[in-house]
Amino acid sequence: MGRGSGFGKVILFGEHFVVHGVPGIVSAIDLTADAKVKKIGDGITIKDERRGAKGYTEKKRTQQKESIQRMLKTMGIDLEKAFLEIWLGGNLPGFSGIGASAASSVAIARAIAEELEMNLSDERINEIAYEAEKAYAGTPSGIDNSAATYGGLIWFRRNLSGGQNTIERLSIRQPVEIVIGSTRVVADTKEMVAGVAERKNENPEKYDPLFNQAEWLALEARKTLEDFDLRKVGRLMNENHGLLQQIEVSCKELDYLINLTREQGAFGAKLTGGGGGGCMVALTPGKELQEAVATAMEKEGFKVLRAKIGIQKI
Ligand code: PMV
């Protein structure tokens, strides 16, 4: 039996903008998707036992099937002769926005590689997961699979000419508590990414300045994180959410949760990932603030994850 894991993630700065070459900052979280693979049976079977938002697994099933086919093709495995039983679990729930698809792709690729005794480097696993991500995100930037593969806190810039992406590891003084809140709305990342590209194309007068601001914000955020000025990081996250609202990827459920966490004392909050539903992230340094914010959300019936950014290893 082959086994593998992939990290969940939160994008702290730059989702959507990153698809178009603006830098982004992503942090793996201390939750993983885990896969087991066995050479057995007839064809490919998938047992997805992840807990998650209602309907997530059903809604993503077709994309998941396509992603596994893409993965096998990239790994040079003949689809006709592949008899694999794939089990998927782990403590990362199937919510939109926290990299559940990328984490599962990395986990499955690692597990297949182990079962078939292929000795693959992290770089190769990352490439395979990127191909698999296309099924979920259309034209993914590569930020999700990089975080899922390498873990840690990452500065990412997509190379739009098809060359190597920039992936730099950032370090901060110590891990910081966050709260992730799920809107319970299952979003389609592919549609969200395509929508931004379409509007950007149609309305460059509005979109170009917003993309310039996102670039400035990412650079400022990198410096601020490295200086460990968490109050300012929070303010920059709020600003980033403002830009995401302007490119029309937020929604009323996200805005509601974000306001709620800010009222409870979060240093800053924004949507994370594809938006249109899915998840938001609040910066809540210290166990006490994290607990207060998380409890306030749970009291209103929302599903919440308590996690940390800036962890290097689980
Ligand atoms: O919703 P998620 O967790 O799949 O994150 C998507 C992040 C985007 O920036 C919207 C797309 C991408 O590939 O970078």
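Straightening the chain between Arg231 and Thr295 buys 20.9 nm, computed as 0.36 nm per residue apart minus the Cα-Cα spacing. With the highest mean first, a sort of the peptides 161-173, 177-189 on other beta-carbon atoms found within 10 angstrom per residue produces 177-189, 161-173.
Between helix 100-115 and the chain there is an angle of about 30 degrees, using the helix long axis and the longest principal axis of the Cα atoms. Within the listed set Gly286, Gly275, Gly301, the Gaussian network model of the chain (springs between alpha-carbon atoms below 10 Å) gives the highest mean-square fluctuation for Gly301. Here, region 197-244 is characterised by an Rg to Rh ratio of 1.10, where Rg is the alpha-carbon radius of gyration and Rh the Kirkwood radius. Over region 15-84, with a single point scatterer placed on each C-alpha, what log10 of the ratio I(q)/I(0) does the Debye formula yield at q = 0.11, 0.23 1/Å? Each listed q corresponds, in turn, to -0.43, -1.14.
What is the percent carbon and sulfur in the accessible area of region 176-309, measuring with a 1.4 Å probe over the protein chains and ignoring ligands?
Details: 2710 of 5780 Å².
Carbon and sulfur: 47 percent of the exposed surface of region 176-309.
Between Ala218, Ala292, Ala269, the GNM of the chain built on Cα springs shorter than 10 angstrom shows Ala292 fluctuating the most. Per atom type, region 2-170 shows carbon and sulfur on 45% of its accessible surface, probed at 1.4 Å.
Report the calculated FRET efficiency for Ala82 and Arg61 (r = Cβ-Cβ distance, R0 = 22 Å), to the nearest 0.05.
Working: r = 18 Å, r/R0 = 0.84.
Computed FRET efficiency for Ala82 and Arg61 comes out at 0.75.
The Cα atoms of the chain cover 54, 42, 35 Å along the three principal axes, with the biggest extent listed first.
Whole-Hz Karplus values for region 217-223 come out as 4, 5, 5, 5, 5, 4, 5 Hz, taken residue by residue from phi with 6.51 cos²θ - 1.76 cosθ + 1.60 and θ = phi - 60°; glycine and proline positions read x. Using the rule -39500 (n - 2.57) for each DSSP H run of four or more residues, divided by the residues of the chain, the 222 nm mean residue ellipticity is -14500 deg cm²/dmol. Computed extension gain for Lys39 through Asn119, at 0.36 nm per residue and net of the alpha carbon distance, reaches 27.1 nm. The alpha carbons of region 2-170 stretch over 44, 35, 25 Å along the principal axes, in descending order.
A 1.4 Å probe run over the protein chains yields, for the chain, 43 Å² of accessible area per residue, whole-number rounding.
Taken over the Cα atoms of region 103-153, the convex hull encloses 68 Å³ per residue.
If you take all C-alpha pairs in region 185-314, what percent of them are over 17 Å apart? Don't skip to the answer; put the middle values down first.
Working: 5144 of 8385 pairs.
Distances greater than 17 Å cover 61 percent of the Cα pairs.
Filter Lys270/Lys299; Lys36/Lys60; Lys38/Lys65; Lys47/Lys73; Lys134/Lys308 down to the pairs with a C-alpha to C-alpha distance above 23 Å, please. With Cα atoms farther than 23 Å apart: Lys134/Lys308.
The values are calculated or read from the model by the stated rules, or taken from the named source; none is laboratory data. Remember, predicted model here, so these are calculated numbers, not experimental data. Please note: Cβ atoms are built from the backbone with ideal geometry, for glycine as well, and neighbour counts cover all protein chains shown. Heads up: the accessible areas ignore ligands, DNA and RNA and are worked out on the full protein's heavy atoms, side chains in. Shrake-Rupley method; radii C 1.70, N 1.55, O 1.52, S 1.80 Å.
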